[in-house]
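First comes the structure, then the notes that go with it.
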Amino acid sequence: MNWQMTEDRVRKLASFLWSSNAEPEHIAGVNIDCVIKIRSDYWILIEITQNETLGKLRDDLAKFSSVKPYLFSQGIYAECYFICEEEPAPSLKETGDSSKVEVLSINSFSKKFLNYDSYYYTRSQKKFGSAVDRKSGNNDERKYISIKYKLYKNGREFSIDEIVAMLKQNKRIILMGNYGTGKSRCIKEIFVKLNEKDITEIRYPLAINLRDNWGVKRGQEIIRRHFDDLGLSMYSENVIKIFEGESIIFLLDGFDEIGAQSWSDNVNKLKEIRAESLKGVKDLIRNTKGGLIITGREHYFNTSEEMFTCLGLNPKDTIIIECPDEFTELEMKEYLDSIVDNINVPTWMPKRALICQIISEFDSDYLKRLLNEPLGMIEFWRTLIDAICERESNINVSLDAITIKKVLIEIARMTRNKIQDVGPITINEMNKAFENVVGTPPVDESATMLQRLPALGRVGSESHDRQFIDKYILDGLRAEDIVENVTQQSEKLSDLSWSNPLSDFGLSFVANDILGDSGINRYKTFIRKAANWKNGILVGDVMASILLSEQNSMDFKYLSVDDSHISVVDLSDKLISNLSINSSIIDKLDITNCNVENVTIKNCIIKNLIGVSSEKGLPEWITGCEIESYETIHNVTRIKNANLSVEQRVFITIIKKIYFQPGAGRMEEALLRGLGSSADKKAANKIINMLLKENIIEMFKGNEGNVYTPVRKHTRRMDAIINSLTLSEDYLWKQLN
């Protein structure tokens, strides 16, 4: 730091400390570096030096010795300080004390105003918004994942270092993002980086959780409450002295977490409630001139105009930045690699910051099993939804995690008849969902939870409505709804008429609940009742889930599924009897190696039919259907007609199941299913061993036996073998008899 910067810094600190101008002055023929005139009869004199020697101190003591008597003769008492850059030696302090001159370093002098080192340490030990360790509830100490933030509606990317630089330039920033995208974690990292400040700057970053400021109407009260909560109330008044200038950088986390004290299903009334809740924040923002960043979920406000008005920000000089909804494949892969070696990121996994936090809690063996086992995505969903609901309940302590999950399930059920599948959900509908679960309309803190429900986002910038932004979570909630109703044998779905079916994941989720005879009997009992209701989608969902369960033969007792929409009807490798599907939409129908008795599919729209190559190959029990596409590249009929040897046919079957069917891995039992003869099973064992030896597949122990997963770098090679069949020149193919 050069000499001029040293003097300027000390003068600025002195002006903060004594709330008066600090200027150099010539007094009685002596130049004093800094003079603060607190009152007409009480002045502060400061000498500033880069030379921390006893000789320099004696020279400045001589200055004070001549100036103090002069001022005293004018009725002015002078308090004297000697400020040096580095910590002074004990001998300097003793010499100063003997002359009633306080000798301090710049750092010690700054602590007279605000001991920022103490603040930084204390604040760092506390929670930063929702960036908390789920298990302990304490501050999240995990490594920050470097990501790119994007300029709203423009897409220009910013690093966190660029955001820090903008804050030092007194820019005002809104950081928006959906649930679990790392807004609070970003604030914590900014706080850390701003503490690596140049000593020439006098800037104090304050990281404030807005959720702690219920009912606050003035910005000064937010500051007082913040320091009181940290046990540092002795500094709050000094900070209030300067917060209207440029020396405080405010990091305000969670404008959507300041709870409204009431709730309304009237849009205009709700807008008034939000404005009232944010009065203190608005006052703080309007009165500070330093850098500022404030975070929250976009859909908390109904419009961007409302957001700017409630926060007291001018849209012309406010930068809006968004957290990416998901990490890139590379960012996610790098993070997973830091936890466990050689793992692929499943396509079904949401790639959010919250997901990384949850993943980091697992040991490597459990994580590898979770990401590779066929049912891992279901187990992971349960872990994820519990984590999300626990996180929200920590923010809104008036509601427990189970209640929040039930509200989400209610809202997910409402989307079953929405044109856009994921929404829109009106405020009235959210209000009704809450009342259905709790028994009373939402009031007090529960109103906040409804305005910021996880997994929901605003439909549009000018819309009051919400929609699900994560289909993975939505489908799991819908599936959970069916599981609960089947378990309770409830009839509360009997009067509903849906239009949106479960997707592949939702069906697999329900199928996973169908275990053993008791499970299949429970679902068959429920579907027989549901067949008499007007909810054809529900009947289709349950029927399709039963087909995806581990049952090899199923008698549906003359069940008729009518006017439904079904994502997957999987009849492959099973004996199915007494089932008819009529006048329905089927996204994917698989009849590979199926064996049916008294089964008919009539007058349906089938988007993708697997198991035959053209209309000529249709079985007689599929009639009057409009079929949009047939299985072509991996056509089962083509493979059967290719004069393949036993080993070649089994090889193709195994590769297709591991590499090209949905799911992250295949259990050994599933690989061998459908291979009836002992010759086929012997060939399968030989081929599995060969594939393991050649590192084409990997194996690990699952809960129910061996699980096999693909080594993805060989995907194109496996695809080429299947396409070429007997013409393939691949080394592996030539090893087969």
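The values are calculated or read from the model by the stated rules, or taken from the named source; none is laboratory data. Since this is a predicted model, take the numbers as computed values, not measurements. Using ideal geometry, Cβ is built from the backbone for each residue, glycine included, and neighbour counts are taken over all protein chains shown.
Out of all the residues in segment 77-100, is one or more among the aliphatic types (A, V, I, L, M) and modelled with pLDDT of 85 or more?
Of the residues in segment 77-100, the ones among the aliphatic types (A, V, I, L, M) are 78, 83, 89, 92.
Then keep just the ones that are modelled with pLDDT of 85 or more; that gives 78, 83.
Looking for residues that are among the aliphatic types (A, V, I, L, M) and modelled with pLDDT of 85 or more, one finds at least one in segment 77-100, hence yes.
Every residue in segment 665-679 that is at pLDDT below 60 and surrounded by 15 or more Cβ atoms within 10 Å (Cβ to Cβ), please.
GLY674, LEU675
Give just the number: which of (1) of a type in the set (A, V, I, L, M); (2) touching a Gly at 6+ places or on another chain (Cβ under 7 Å); (3) modelled with pLDDT of 65 or more does VAL646 not satisfy?
Every listed condition holds for VAL646 apart from (2).
If the requirement is being touching a helix residue (DSSP H, G or I) at 6+ places or on another chain (Cβ under 8 Å) and not in a strand (DSSP E or B), which of these qualifies: SER567, SER545, SER572, SER518? Explain how you work it out, then say what you get.
Numbers: SER567 fails: not in a strand (DSSP E or B); SER572 fails: touching a helix residue (DSSP H, G or I) at 6+ places or on another chain (Cβ under 8 Å); SER518 fails: touching a helix residue (DSSP H, G or I) at 6+ places or on another chain (Cβ under 8 Å).
Being touching a helix residue (DSSP H, G or I) at 6+ places or on another chain (Cβ under 8 Å) and not in a strand (DSSP E or B) holds for just one of SER567, SER545, SER572, SER518, which is SER545.
If you scan segment 212-249, which residues turn out to be charged (D, E, K, R) and buried (at least 21 other Cβ atoms within 10 Å of the Cβ)? Outline the logic, then answer.
Taking segment 212-249 first, the residues charged (D, E, K, R) are 212, 217-218, 221, 224-225, 228-229, 237, 241, 244, 246.
Matches in segment 212-249: none.
Condition (residue is surrounded by fewer than 21 Cβ atoms within 10 Å (Cβ to Cβ), over 22 Å from VAL510 (Cβ atoms) and at pLDDT 85 or above) applied to segment 373-389: is it met by at least one residue?
Looking through segment 373-389, none of the residues is surrounded by fewer than 21 Cβ atoms within 10 Å (Cβ to Cβ), over 22 Å from VAL510 (Cβ atoms) and at pLDDT 85 or above.
Residue pairs, Cβ under 6 Å, 6 or more apart or interchain, first in segment 588-613 and closer than 9 Å to TYR630 by Cα, second among the small types (Gly, Ala, Ser). List them.
Within 6 Å, the pairs are ASN608/SER629.
Which one of these does HIS26 not meet: (1) at pLDDT 90 or above; (2) within 58 Å of the chain's Cα centre (by Cα)?
HIS26 satisfies every listed condition except (2).
At pLDDT below 90 and either closer than 26 Å to VAL612 by Cα or among the polar types (S, T, N, Q) (or both): which single residue out of SER545, SER577, SER567, SER494 fits that description?
On the way: SER545 fails: at pLDDT below 90; SER577 fails: at pLDDT below 90; SER567 fails: at pLDDT below 90.
On inspection, the qualifying residue turns out to be SER494.
Any residue in segment 506-530 that is within 21 Å of ASP475 (Cα to Cα) and among the acidic types (Asp, Glu) sitting within a Cβ distance under 7 Å of a residue that is surrounded by fewer than 19 Cβ atoms within 10 Å (Cβ to Cβ) and modelled with pLDDT of 90 or more? List the pairs, counting only those 6 or more apart or interchain.
ASP513/VAL483
Sort out for me the helices (runs of 4 or more DSSP H) sitting completely within segment 253-320 that have 2 or more residues that are closer than 19 Å to GLU221 by Cβ and modelled with pLDDT under 90. Show your work before the answer.
On the way: elements: 267-277, 279-287, 304-311.
The qualifying helices (runs of 4 or more DSSP H) are 267-277.
Could we say that GLU23 is part of a loop (DSSP other than H, G, I, E, B) and closer than 24 Å to SER247 by Cα here? If you could, list the steps in order and put the result at the bottom.
Details: part of a loop (DSSP other than H, G, I, E, B): no; closer than 24 Å to SER247 by Cα: yes.
For GLU23, the condition - part of a loop (DSSP other than H, G, I, E, B) and closer than 24 Å to SER247 by Cα - is not met.
Can you confirm whether segment 589-608 contains a residue that is assigned to a loop (DSSP other than H, G, I, E, B), at pLDDT below 85, of a type in the set (S, T, N, Q) and not assigned by TED's automatic domain parsing to the domain that holds LEU692?
Within segment 589-608, one or more residues are assigned to a loop (DSSP other than H, G, I, E, B), at pLDDT below 85, of a type in the set (S, T, N, Q) and not assigned by TED's automatic domain parsing to the domain that holds LEU692.
Among the residues of segment 1-33, what is the count of those that are of a type in the set (Phe, Trp, Tyr), within 18 Å of THR49 (Cβ to Cβ) and touching a helix residue (DSSP H, G or I) at 6+ places or on another chain (Cβ under 9 Å)? Quick ask: steps written out before the conclusion?
Within segment 1-33, the first condition is being of a type in the set (Phe, Trp, Tyr), and the residues that meet it are 3, 16, 18.
Subset that is within 18 Å of THR49 (Cβ to Cβ): 3.
Then keep just the ones that are touching a helix residue (DSSP H, G or I) at 6+ places or on another chain (Cβ under 9 Å); that gives none.
Final tally of qualifying residues: 0.
If ARG134 passes every condition in (1) out of contact with any helix residue (DSSP H, G or I) (no Cβ under 6 Å at 6 or more places or on another chain); (2) modelled with pLDDT under 85; (3) among the basic types (Lys, Arg) but one, which one does it miss?
Single failed check for ARG134: (1).
Every residue in segment 210-247 that is closer than 20 Å to THR122 by Cβ, assigned to a helix (DSSP H, G or I) and among the small types (Gly, Ala, Ser), please.
Matches in segment 210-247: SER233, SER236.
So GLU237 clears everything in (1) touching a Cys at 6+ places or on another chain (Cβ under 8 Å); (2) more than 28 Å from GLY457 (Cβ to Cβ) except one condition, right? Which one?
(1)
Does ASP562 count as closer than 17 Å to ASN485 by Cβ, of a type in the set (D, E, K, R) and either at pLDDT 90 or above or under 36 Å from the mean Cα position of the chain (by Cα) (or both)?
Numbers: closer than 17 Å to ASN485 by Cβ: no; of a type in the set (D, E, K, R): yes; either at pLDDT 90 or above or under 36 Å from the mean Cα position of the chain (by Cα) (or both): yes.
So ASP562 does not fit the description; no.
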